[in-house]
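Inspection log for the structure reproduced underneath, given as structure tokens.
Just so you know, all these numbers are worked out from the coordinates, no wet-lab data involved. The structure displayed is predicted, hence computed values, not measured ones. Backbone-built Cβ (ideal geometry, glycine too); neighbour counts: all protein chains shown.
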Protein chains: 2
Amino acid sequence: MSADPGLASWLQLTLTPGLGAAAIRGLLKQFGLPENILAAPRAQLERVAGPAAAALQHSEETAAAVRNALRWAESPGHAVVTLADAAYPRLLLEIADPPPLLYAVGRLELLGRPALAIVGSRNATAQGVRNAEQFARAFSAAGLTIVSGMALGIDAAAHAGGLAGEGSTIAVLGTGVDVTYPRQNAALAQRIAQSGLLLSEFALGSAGAAHHFPRRNRLISGLAQGCLVVEAALASGSLITARAAAEQGREVFAIPGSIHSPLAKGCHALLKQGAKLVESAEDVLAELTAFQRIATASTRAPSPPAADEPLLAHMGFDPVDVDSICARAGLAAERVSAELLRLELAGRVAALPGGMYQRLN
Amino acid sequence: MSADPGLASWLQLTLTPGLGAAAIRGLLKQFGLPENILAAPRAQLERVAGPAAAALQHSEETAAAVRNALRWAESPGHAVVTLADAAYPRLLLEIADPPPLLYAVGRLELLGRPALAIVGSRNATAQGVRNAEQFARAFSAAGLTIVSGMALGIDAAAHAGGLAGEGSTIAVLGTGVDVTYPRQNAALAQRIAQSGLLLSEFALGSAGAAHHFPRRNRLISGLAQGCLVVEAALASGSLITARAAAEQGREVFAIPGSIHSPLAKGCHALLKQGAKLVESAEDVLAELTAFQRIATASTRAPSPPAADEPLLAHMGFDPVDVDSICARAGLAAERVSAELLRLELAGRVAALPGGMYQRLN
């Protein structure tokens, strides 16, 4: 990633205090690449992103943070993945608010694998912890990458189970990716940095603020094709993740338990709302046979860029509208629009007046 | 019931060896009341019901069984309810194969109340037994009559809970109503005979044959608006009852449990098939608000016969076809046909040529 000359601009965008993700998306939509945003006149920026955009233009503090992040990204195993990168997770492009960039430590290729989120209570029962670990182990052996939030209890057990198999695990943090939280999971974080992937949209060094965690939860569900809740009380962050999963069109799975167990009540609430009841790993795998096809495909090495962008093959080099691309590719408009945005940001296609797109290379 | 002069004919029909319920329904459809069947020429009977119908015409053995049943029905609290009786449960008329008659001991008026079936394993866990008893108690207090099968375990606990409240309980037996089975439930059977209702379609003195129990199960579900399974293994008679309930259009409810408990697996299988997950009595009552309206109505004393047959009000005294009655009454054709059969058997309406019906009184 350190070779990307545009990375400094992406970092400057996201490290500018007061400039939120929605404002950044608005600016990207209007101006294209981050370089263009940073070169635009202040008045134009403010029209799109409000007064906060003024802060984009010069700040020694932001510049220092950018230099620090660029230095950090030089270290082996560290990466910053932007919306314009081919490594940016496809599934995240489908969600309502994909983060402009992600800090990553570990095996970046895990972002391209089929994934299942497993979440649950920090105060899990011993049986719940064992269930999470054993289910994660079975899914990982079947080639699914386990996504969770590195919390104590169910999350930690899910990561541990994931690490035991081919699928491995992705931990999405509510802190900077270089911050170890909670402390009790320090050894687990180290194992994930080596054999899995630590991921965060928050700036390096960020402490875990309360409002980070619901934002983080949407990435846990967004990175995966489905979300399994193992044990959860009725008022639980896991239910926020499950709701995000449902809103993102992901399959929601829940493990039932005794009607007298407070930690089963969250799962039962989900089951009443239509989540799939899970007794065994097979229940999930049967539901996600599509996963397994993808899993088989993903065991090959990543393809070169051109073949890596199947949408380009459907575009030719003449201007074409989104509906035609959808029809040729057999994909939904939301998906195609998201892909086109990414390709535009990557300089592969140009947006033309009248909603037309043209392939550039 | 002992005052019914036609009862001997009903008993003779059902006590004739080799004549099954389907054959009896065929004969009733063809000839009307049982008296007409018994007066019909043997050749005509055999055309409808096959060679077994020959046995209808004279058998000292059957005559003795009829005399015995008539004598039994004279005792206080004993009754034989035929398809032609107003006391015959309305909901049973909706099922595919309503029994021609039912032997009953206890409070016959319970057949007119809103009811919920509760079934489950004979080898239930202590918690399962407690759940069954507590749920049944709550439903009974809410005015629902608890229907179950008098087996050990969940059934017995459900009956006990039902007896504690206003709704009371109905035990549907796979033996003759005068046979105590299983022995361990003798005291419970006595309590039900006094404050609830024992019910069976099988002849007095019948021992419990294996093929009786699936037949019996369809009555447990058929008598109730819904069926709650508390604990059940995968290969369990309770699942037969639940399947019958679903086929009869009744709501199926199941209580979840640990994925490691064999006795939760039957419930989980039902939940995967769309049964409603139940954590509390309120979950069921909320689903069955219609019940509660009926429950309120049923606390009044039974109305006199004429007002008791709302279908008659929709018929006038002119010949009318089934479709018109359906339209006037706002009921489905199956329901109206079943009611018309019952009213015909009761001598309240006459079936005319061309599928027309006429009210007689």
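Of A:Gly162, A:Gly196, A:Gly249, which is the most mobile in a GNM of chain A whose springs link Cα atoms less than 10 angstrom apart?
Highest fluctuation among the options: A:Gly249.
Using the Cβ atoms and a cut-off under 13 Å, what net charge is assigned to the surroundings of B:Leu223, where Lys and Arg are +1 and Asp and Glu are -1? Display every interim value, and only then the final one.
Details: positive: B:Arg90, B:Arg113, B:Arg216, B:Arg218, B:Arg250; negative: B:Glu94, B:Glu201.
Local charge sum for B:Leu223: +3.
In the stretch B:42-168, what % of DSSP beta bridges are antiparallel (nearest 5)? All intermediate terms of the calculation are to be shown ahead of the outcome.
Values: 5 of 8 bridges.
Taking every DSSP beta bridge within the stretch B:42-168, about 60 percent pair in antiparallel fashion.
What is the minimum Cβ-to-axis distance for chain B, in whole Å, where the axis maps B onto A, and to which residue does it belong?
B:Pro256, 2
Distances from B:Arg71 to the same position in the other copies: list them in nm, one decimal, shortest first, using label points 7 Å from Cα along Cα→Cβ.
For B:Arg71, the inter-copy label distances come out at 10.7 nm.
In what order do B:Phe139, A:Phe31 fall by count of nearby beta-carbon atoms within 10 Å, going from fewest to most?
On the way: B:Phe139 28, A:Phe31 17.
Going from least to most buried by this count: A:Phe31, B:Phe139.
Using the Cα centre of the protein assembly as shown as the reference point, and only Cβ charges (+1 on K/R, -1 on D/E), how large is the resulting charge dipole? Debye, rounded to the nearest 20. Please list the in-between numbers first.
Numbers: 58 positive and 60 negative charges, 164 e Å.
Computed charge dipole of the protein assembly as shown: roughly 780 debye.
Using a Gaussian network model of chain A whose springs link C-alpha atoms within less than 10 Å, name the residue from A:Pro76, A:Pro17, A:Pro114 with the highest mean-square fluctuation.
Its mean-square fluctuation being the largest, the pick is A:Pro76.
Could you tell me what % of all Cα pairs in the stretch A:1-121 have separations over 21 Å? It would help to have the intermediate numbers written out before the result.
Values: 3040 of 7260 pairs.
For the stretch A:1-121, the share of Cα pairs beyond 21 Å comes to 42 percent.
For B:Ala96 and A:Glu109, FRET efficiency with R0 = 56 Å and r from the beta-carbon atoms, rounded to 0.05? Mind dumping the intermediate values first?
Details: r = 59 Å, r/R0 = 1.05.
E between A:Glu109 and B:Ala96, to the nearest 0.05, is 0.45.
Dividing the Cα radius of gyration by the Kirkwood radius, what Rg/Rh value follows for chain B? Intermediate results must be reported in sequence, preceding the final value.
Working: Rg = 20.7 Å, Rh = 21.1 Å.
My calculation puts Rg/Rh at 0.98.
At what distance in nm do the modelled label points of A:Arg67 and B:Ala87 sit from each other, each positioned 7 Å from its Cα along Cα→Cβ?
So the two model labels end up 9.7 nm from each other.
Give the share of C-alpha pairs in each 10 angstrom bin for the protein assembly as shown, from 0 to the last occupied bin, in whole percents, shortest bins first.
Histogram of Cα-Cα distances, whole percents per bin: 3, 13, 18, 16, 13, 11, 11, 9, 5, 2, 0, 0.
With Cβ to Cβ distances under 13 Å as the rule, what net charge do the other residues near B:Arg122 carry (K, R +1; D, E -1)?
On the way: positive: none; negative: B:Asp155, B:Glu231.
Counting the neighbours of B:Arg122, the net charge comes to -2.
Please find, in a Gaussian network model of chain A (springs between Cα atoms separated by less than 10 Å), the residue of A:Ala203, A:Ala286, A:Ala86 whose mean-square fluctuation is greatest.
Ranking A:Ala203, A:Ala286, A:Ala86 by mean-square fluctuation puts A:Ala286 first.
Over all Cα pairs of the stretch A:1-57, how is the pair count split among 10 Å bins, expressed in % and running from 0 up to the last occupied bin?
26, 60, 12, 1
A:Leu152 to A:Val322: FRET efficiency via 1/(1 + (r/R0)^6), r the Cβ-Cβ distance, R0 35 Å, to the nearest 0.05?
Details: r = 45 Å, r/R0 = 1.29.
For R0 = 35 Å, the calculated efficiency reads 0.20.
Taking the simple approach of a point 7 Å from Cα along Cα-to-Cβ for both A:Glu287 and B:Arg183, what is their distance in nm?
Roughly 4.9 nm, to one decimal.
Kindly give the distances from A:His260 to its copy-mates, label point to label point, with each label point 7 Å from Cα along Cα→Cβ, as nm values to one decimal ordered shortest first.
Here A:His260 shows inter-copy label distances of 1.7 nm.
If Lys and Arg each add +1 and Asp and Glu each add -1, what is the summed charge of the other residues whose beta carbon sits under 11 Å from the beta carbon of A:Ala142?
Values: positive: A:Arg137; negative: A:Glu166, A:Glu282.
Combined, the nearby Lys, Arg, Asp and Glu give -1.
So, R0 is 56 Å and r is the distance between the beta-carbons of A:Leu352 and A:Ala126; what FRET efficiency does that work out to, to 0.05? Provide the component values of the computation, followed by the final result.
Details: r = 60 Å, r/R0 = 1.07.
FRET efficiency, A:Leu352 to A:Ala126: 0.40.
Can you sort B:Thr14, A:Thr62 so the residue with the fewest Cβ neighbours within 10 Å comes first? Please report the intermediate quantities before stating the final value.
Values: B:Thr14 25, A:Thr62 20.
Listing B:Thr14, A:Thr62 from fewest to most nearby Cβ atoms yields A:Thr62, B:Thr14.
Return the long-range amide H neighbours of A:Gly257 (sequence gap of 5 or more, or a different chain), with a cut-off of under 5 Å between placed amide H atoms.
HN-HN under 5 Å from A:Gly257: B:Gly257.
Which value in Å is the Kirkwood Rh of the stretch A:133-260 over different Cα pairs? Numbers along the way, then the final one.
Details: mean 1/r = 0.0686 Å⁻¹.
One over the average 1/r among Cα pairs gives 14.6 Å for the stretch A:133-260.
Got a sec? How would B:Thr125, A:Thr289 order by Cβ neighbour count within 10 Å, fewest to most? Intermediate values should be presented prior to the final figure.
Working: B:Thr125 18, A:Thr289 8.
Neighbour counts put them in this order, fewest first: A:Thr289, B:Thr125.
Using helices alone, I'd like the mean residue ellipticity at 222 nm for chain A: each DSSP H run of four-plus residues gives -39500 (n - 2.57), total over residue count, nearest 500. Walk me through the numbers before you get to the answer.
Values: 18 runs with 168 residues, N = 361.
Calculated mean residue ellipticity at 222 nm is -13500 deg cm²/dmol.
If each of A:Arg42 and B:Ala207 carries a label point 7 Å out from its Cα toward its Cβ, how far apart are those two points in nm?
Between A:Arg42 and B:Ala207, the label points sit 10.1 nm apart.
Between the alpha-carbon centers of the stretch A:172-200 and the stretch A:6-44, tell me the distance in whole angstrom.
The stretch A:172-200 and the stretch A:6-44 have Cα centres spaced 28 Å from each other.
Label position 7 Å from Cα toward Cβ: report the copy-to-copy distances for A:Ala209 in nm, one decimal, ordered from shortest.
From this label point to the equivalent ones elsewhere in the assembly: 7.7 nm.
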